[in-house]
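S.K.: Below you'll find the structure I mean.
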Amino acid sequence: MPSDLFQYVLLAALAIALVIAAFTDLRRRQIDNWLNAAIALTAPLYWWASGLSLWPDVAIQLGVGVGAFVVFAALFAMRMMGGGDVKLLTALALWVDPTNFIRLLIIMAIVGGVLTLVMGVNHVLRKRKEKLAIPYGVAIATAGLWIIGSQYTPLLSSMTSAAG
């Protein structure tokens, strides 16, 4: 079994990847495939570092990932979500246990709603005519960082529970 340090290194790498995803989506309205692939392909290292068993733990993670992809791909097909957002959420589903993935989705929806309102008001005030494009990767990344910080790092988890 690997050390906790390896888990923290992987979580730090995931956090960095999420920050990159947020910035690229904000700047270019695109989340690069190489970044989503890197997040997805390093999930098995995190499973191993976390000591997950193949059955049922890894099977559950894969099931959550497949389920997330099916739901979000349907939203993409209805033009309600971008392709990069679908891939980023699917990759995150491989890292986060089902309960925390639901929390991630709730936080994402709240942050995304606030982001949409702020950008919508700005769009109207500036009297822009083009279609408003929301960089939802920012909301996804923010939610992912929140979950990493609050649920997967004991030091931060103990600080948030002591504050509450």
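S.K.: Name the residue that is nearest to Leu92 (Cα to Cα), counting only residues in the range 1-40 that are touching a helix residue (DSSP H, G or I) at 6+ places or on another chain (Cβ under 7 Å) and β-branched (Val, Ile, Thr).
M.R.: Once the filter is applied, the top-ranked residue is Ile39.
S.K.: A further question follows. For the range 90-132, name all the residues that are among the acidic types (Asp, Glu) and either within 20 Å of Leu14 (Cα to Cα) or in contact (Cβ under 8 Å) with a residue 24 or more places away in the chain (or both).
M.R.: So in the range 90-132, the residues among the acidic types (Asp, Glu) come out as 97, 130.
Across the range 90-132, the qualifying residue is only Asp97.
S.K.: Check the range 116-127 and report whether any residue there is more than 22 Å from Ile16 (Cβ to Cβ), modelled with pLDDT under 95 and not in a helix (DSSP H, G or I).
M.R.: Yes - at least one qualifying residue is present in the range 116-127.
S.K.: While we're here: Yes or no: Leu75 more than 14 Å from the chain's Cα centre (by Cα), buried (at least 20 other Cβ atoms within 10 Å of the Cβ), at negative phi and of a type outside the set (S, T, N, Q)?
M.R.: Details: more than 14 Å from the chain's Cα centre (by Cα): yes; buried (at least 20 other Cβ atoms within 10 Å of the Cβ): no; at negative phi: yes; of a type outside the set (S, T, N, Q): yes.
Criteria not met by Leu75.
S.K.: Restricting attention to the range 78-96, report how many residues are modelled with pLDDT under 95 and exposed (fewer than 13 other Cβ atoms within 10 Å of the Cβ).
M.R.: Of the residues in that region, 2 qualify.
S.K.: Do we have any residue at all in the range 42-60 that's in contact with a Leu (Cβ under 8 Å, 6 or more places away or on another chain), more than 15 Å from Ala93 (Cβ to Cβ) and modelled with pLDDT of 95 or more?
M.R.: Within the range 42-60, one or more residues are in contact with a Leu (Cβ under 8 Å, 6 or more places away or on another chain), more than 15 Å from Ala93 (Cβ to Cβ) and modelled with pLDDT of 95 or more.
S.K.: Checking Gly84 against (1) more than 16 Å from the chain's Cα centre (by Cα); (2) farther than 16 Å from Pro98 by Cα; (3) of a type outside the set (Val, Ile, Thr), only one condition comes out false. Which one?
M.R.: Result: Gly84 passes all but (1).
S.K.: Continuing with this model, one more query. Tell me, which residue of the range 35-72 that is out of contact with any Asp or Glu (no Cβ under 9 Å at 6 or more places or on another chain) and among the β-branched types (Val, Ile, Thr) is surrounded by the fewest Cβ atoms within 10 Å (Cβ to Cβ)?
M.R.: Of the residues in the range 35-72, the ones out of contact with any Asp or Glu (no Cβ under 9 Å at 6 or more places or on another chain) are 35-46, 48, 52-56, 58-59, 62-63, 65-71.
Keeping just the survivors that are among the β-branched types (Val, Ile, Thr) gives 39, 42, 58, 66, 70-71.
Values: Ile39: 23, Thr42: 17, Val58: 16, Val66: 13, Val70: 10, Val71: 16.
The extreme case among them is Val70.
The values are calculated or read from the model by the stated rules, or taken from the named source; none is laboratory data. Computed from a predicted model, the values in this text were never measured in an experiment. Cβ sites come from the backbone with ideal geometry, for glycine too, and all protein chains shown count toward neighbours.
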